[in-house]
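Have a look at the structure below before the remarks.
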Amino acid sequence: MSIKFRSKELSPAEASFLKWQYGFDEEDEPFERALWQAIMRAWDADTAKGSVTSHLERLGCNGAYPEEVALYERFRSEGSDSVWNELIRRAGLSDRRTAKVDTSIERRRRAASRA
């Protein structure tokens, strides 16, 4: 992945989360991609109207992924903009919501057209 982080400023969970939010390339670790998708789906299932599931609780328990779950919950909270802005500031990245960032498909198309 071509995105460079200030790794000293971020926890492994925060760096993994930012990579997930900015879009993965094929070379990226499939486990990280699957983990964040599992956390997102657990959030959706647990917060669905009438839901009685507790998937996030299991993902956030000791021996599972408590830091990742806590980060995702903070991001999905009402203060998500401040969480996001703080993460990208510490990572040394520009906000992808205010700048055009090519998707992995666009990067592949551009590389294919050069070949």
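The values are calculated or read from the model by the stated rules, or taken from the named source; none is laboratory data. This is a predicted model, so every value here is computed, not measured. So basically every Cβ, Gly included, is an ideal-geometry build from the backbone, and we count neighbours across all protein chains shown. What goes into the accessible areas is simple: the full protein's heavy atoms, side chains included, and nothing from ligands, DNA or RNA. Shrake-Rupley method; radii C 1.70, N 1.55, O 1.52, S 1.80 Å.
Quick notes on this one:
- Accessible area in the full protein assembly, largest first, 1.4 Å probe, for PHE17, PHE31, PHE75: PHE31, PHE75, PHE17
- Taking the accessible area of region 15-69, probe 1.4 Å, and keeping the other protein chains in place, the carbon and sulfur fraction comes to 53%.
- Computed over protein heavy atoms with a 1.4 angstrom probe, the accessible surface ordering of TYR22, TYR65, TYR72, largest first, is TYR65, TYR22, TYR72.
- Label positions at MET40 and ALA112, each projected 7 Å from the Cα along the C-beta direction, are separated by 2.3 nm.
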